[in-house]
1. All but one of (1) assigned to a loop (DSSP other than H, G, I, E, B); (2) free of Cβ contacts under 8 Å to residues at least 40 places away in the same chain; (3) in contact with a helix residue (DSSP H, G or I) (Cβ under 8 Å, 6 or more places away or on another chain); (4) within 30 Å of residue 8 (Cα to Cα) hold for residue 210; which doesn't?
2. Considering the range 170-195 alone, what residues qualify as being open to solvent by 30 Å² or more (accessible area, probe 1.4 Å) and assigned to a helix (DSSP H, G or I)?
3. What number of residues in the range 26-47 are surrounded by 13 or more Cβ atoms within 10 Å (Cβ to Cβ), of a type outside the set (Gly, Ala, Ser) and assigned to a strand (DSSP E or B)?
4. Residues that are surrounded by fewer than 21 Cβ atoms within 10 Å (Cβ to Cβ) and over 27 Å from residue 122 (Cβ atoms): does the range 154-169 have at least one?
5. Counting just the residues of the range 73-112 that are among the small types (Gly, Ala, Ser) and within 15 Å of the ligand (Cβ to nearest atom), which one comes out nearest to residue 34 (Cα to Cα)?
6. Return a yes/no flag: does the range 112-130 have any residue that is without any contact (Cβ under 8 Å) to a residue 24 or more places away in the chain and in a loop (DSSP other than H, G, I, E, B).
7. Suppose we filter the range 138-149 for residues that are more than 16 Å from the chain's Cα centre (by Cα) and either outside any helix (DSSP H, G or I) or within 7 Å of the ligand (Cβ to nearest atom) (or both); how many remain?
8. So how many residues does the range 127-153 have that are exposed (fewer than 14 other Cβ atoms within 10 Å of the Cβ) and under 21 Å from residue 202 (Cα atoms)?
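The values are calculated or read from the model by the stated rules, or taken from the named source; none is laboratory data. In this text the structure is predicted, and so the values were computed from the model without any measurement. Note that each Cβ is placed from the backbone with ideal geometry, even for glycine, and that neighbours are counted across all protein chains shown. These accessible areas exclude ligands, DNA and RNA; they are computed on the full protein's heavy atoms, side chains included. Shrake-Rupley method; radii C 1.70, N 1.55, O 1.52, S 1.80 Å.
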Amino acid sequence: MIEVFDENLHSGVNLALEVGEIYYREKTDLQDLMIFENPRFGRVMSLDGAVQTTEKDEFIYHEMFVHVPVLAHGNVKRILIIGGGDGGAARQAMKYKNVDVTLVDIDRTVIDLSIKYMPSVSGGAFEDPRMNLVVADGCKFVKETDEKWDVIVVDSTDPHGPGEVLFTQEFYTDCKSCLSDGGIIVTQNGVPFVQSDELRNSYDRFGTIFEDVSFYMATIPSYVGGPLAFGWATDNPRLRKLDLGVLADRYLAAEIKTDYYTPEIHQASFVLPLYVQKVLTEEK
Ligand code: SAM
């Protein structure tokens, strides 16, 4: 009898994944964590019944999450990752030689088990001497720190449970005070086709804090419902409208290897389909 992992993140929609070997299934003191084998996606991590990352398609999500803001900024020295306990965003960030990374995740168990059971996702990032690992609530961390970063990546779960605070006006405001001049914050902002409220809420909240607010998109096969939106906010509107040649030069100079990201995809990812534009502009 084949066991099935049944994700019901969005009412009326289920994602069923065949479950092979189960490597871990426990409630940490914060979240219900499961890591299991699937014939199509490889090892899969879920938190509170929602797919977080899979070995086979994480590269799409983590490359777009990190290389878009870093190459748009052009001179990143310090990256702050809030959440991201699977280490995928950190692995992409470490591809830049002179970057240091601070990662703040609330759940140490996620980090430890990602390293143990899904090492390809973090790829040694947690052991890199440039990593400053903090186990804490990201909301509290940004409120209390006086440090600054050039890019902040909010690689959170969805807005329920411990992740809920990472979608608030208060958190975004505190993130702004942790950004260096011309810095960029990017967020995991859900799948607009089934999570339009999440998109509009972030858009409205960011809009009261930053000069330039938008989204860019990529389709992650294991995130059901269509393309995912990454939130984008900065006080430097030029960074979203860079020439392709500038992005291509920076990509070349960075000497990083990618399997999804290209400068052309970077530029195109900010072109939002009309149904997404409508979510952002319709009368509330
Ligand atoms: N790619 C996934 C997605 O799109 O939902 C996110 C992956 S990552 C595993 C999500 C991380 O957010 C988890 O490791 C979880 O522990 C962390 N997290 C949740 N709430 C948090 C909080 N308040 N502060 C810091 N980390 C938090």
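1. Residue 210 satisfies all of (1) assigned to a loop (DSSP other than H, G, I, E, B); (2) free of Cβ contacts under 8 Å to residues at least 40 places away in the same chain; (3) in contact with a helix residue (DSSP H, G or I) (Cβ under 8 Å, 6 or more places away or on another chain); (4) within 30 Å of residue 8 (Cα to Cα) except (4).
2. 170, 173, 176, 177
3. Of the residues in that region, 11 qualify.
4. yes
5. 85
6. Yes, there is a match, as at least one residue in the range 112-130 is without any contact (Cβ under 8 Å) to a residue 24 or more places away in the chain and in a loop (DSSP other than H, G, I, E, B).
7. Summing the residues that are more than 16 Å from the chain's Cα centre (by Cα) and either outside any helix (DSSP H, G or I) or within 7 Å of the ligand (Cβ to nearest atom) (or both) in the range 138-149 gives 5.
8. Within the range 127-153, residues that are exposed (fewer than 14 other Cβ atoms within 10 Å of the Cβ) and under 21 Å from residue 202 (Cα atoms) number 0.
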